[in-house]
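All remarks here apply to the structure that follows.
Taken together, the values in this text are just the output of simple stated rules run on the coordinates, not laboratory data. Just so it is clear, the structure is predicted and the values come from calculations on it, not from any experiment. Note that each Cβ is placed from the backbone with ideal geometry, even for glycine, and that neighbours are counted across all protein chains shown.
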Amino acid sequence: MKARHVLILLVAVFTAGCVTSSHSTSATEAASTGGEREVTSIRDCKQCPALVVIPAGNFTMGSPASEPGRYDEEGPQRKVHVNRVAVGKFDVTRGEWAAFASATHRETVGGCTWSSLPGTGVMEPNPKATWKTLGFMQDDAHPVVCVTWDDAQDYVRWLSGLTRHHYRLLTEAEWEYAARAGTDTAYPWGASASHEHANYGAASCCSGEASGSDRWVGTSPGGAFPANQFGLYDMNGNVMQWVQDCFSPSFSYTGMPTDGSAYNDAVILRLSGELEAMNGTSSCAHHMLRGGDWGDPPASIRSAARSFAPPPGSPLQNYRSAGVGFRVARVLD
């Protein structure tokens with residue numbers, strides 16, 4: 001769920017009381033968006049995520065003041081250059097994560113928030129809630145959730161060792177460039193949210209909503225909705241995606257990189273207003289999330305919408321949410 005909504009709710013609570021190869025396999029296919037652009041797909045190993053090659057380009061990052069649902073952190077708008085990069089066609093799936101967990105003998109850890117399991121409030125870590133057990137249906141085609149930022153880092157390191165290619169998370173700039181896919185509207189399909197194009201929640205935060213082609217009140221399987229013009233699925237909605245960037249001290253784009261790189265400066269935060277509770281922590285004790293999720297209202301799945309985790313008082317290494325997954329990037333040789 002969007003951190004801004006979580007913070008408001010928290011205030012209310014406090015007030016009230018493998019097969020590998022040294023060669024990649026590639027294919028060229030038509031994106032299923034009705035567009036004419038051809039998509040180059042890569043899969044480096046049998047259990048590796050499918051990737052789409054995204055061309056280099058320049059774009060305007062952020063949203064105009066006139067965009068409905070906009071927050072101040074989406075500005076000031078600025079021109080950003082992004083280099084050519086390969087991006088996960090889908091969010092990392094539960095099946096792909098299971099292959100990693102099995103290969104590395106990774107322990108399954110509970111404590112996920114926003115699950116549908118009984119026993120705790122949705123914002124409280126539930127010791128029984130894990131990526132395997134959420135209280136709503138998932139299969140191996142659904143995105144893995146309840147993974148920490150460190151989990152995502154371990155996964156990309158594993159892929160890098162397995163394939164001898166450099167895998168990592170997307171930067172925030174790469175993410176928005178890939179989500180927009182050449183568009184400048186609020187959503188890659190147009191100016192208004194639509195359950196025909198994405199899995200998102202009710203108009204007011206925070207609950208899933210099944211409507212039209214969106215038949216899910218939790219996560220949906222990858223490929224359930226049309227791809228964007230770059231051939232990427234679920235960039236907007238379904239699950240929020242960890243990206244590489246640390247939280248910026250101003251929670252805006254002032255002074256942020258314009259070369260597509262991540263903001264990784266660790267500084268002590270000095271904030272005001274609803275974010276004041278984060279003061280005294282490191283900017284890199286919080287990381288950015290993009291995309292919005294199955295329980296977020298429509299404005300939170302806009303291409304410019306920004307969020308972060310963990311909320312104040314939660315350590316980064318333990319923060320898991322049933323609305324948070326990730327997508328990989330691969331540096332092209």
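Here are some notes:
- Residue-averaged [θ]222 nm for the chain, counting only DSSP H segments that reach four residues, each worth -39500 (n - 2.57): -4500 deg cm²/dmol
- Lysine pairs meeting the criterion (Cα under 29 Å, 8 or more apart or interchain), as found in the chain: 8
- With an a/c value of 1.5 or above and a/b not larger than b/c for the gyration tensor axes a ≥ b ≥ c computed over the alpha-carbon atoms, segment 87-234 is described as oblate.
- Amide H contacts of Gln244 (H built 1.01 Å from N, in plane; Pro and chain starts excluded): Leu170, Thr171, Glu172 sit under 5 Å, all sequence-distant by 5 or more or on other chains.
- Inter-label distance for Asp184 and Ser116, nm, one decimal - labels placed 7 Å from Cα along Cα-to-Cβ: 4.1
- Amide H within-cut-off set for Val328, under 5 Å, with H built and near neighbours excluded: Gly88, Val92
- Residue ranges 92-100, 323-331 sort as 323-331, 92-100 when ordered by packing (mean number of other C-beta atoms within 10 Å per residue, highest first).
- Sorting 263-271, 206-214, 286-294, 242-250 by their mean Cβ neighbour count within 10 Å, with the most densely packed peptide first, gives 286-294, 242-250, 206-214, 263-271.
- Residue-wise HN-Hα coupling along segment 68-78, computed from phi with Karplus coefficients 6.51, -1.76, 1.60 (Hz; x: Gly, Pro): x, x, 5, 10, 4, 5, 8, x, x, 4, 7
- Taking amide H positions as modeled 1.01 Å from N, with prolines and chain starts lacking one, the residues under 5 Å from Asn126 and 5 or more places away or on another chain are Gly111, Cys112, Thr113.
- Long-range tail of P(r) for the chain (Cα pairs > 36 Å, %): 12
- Using a simple spin-label model with pseudo-atoms 7 Å out from Cα toward Cβ, Ser272 and Lys132 lie 5.0 nm apart.
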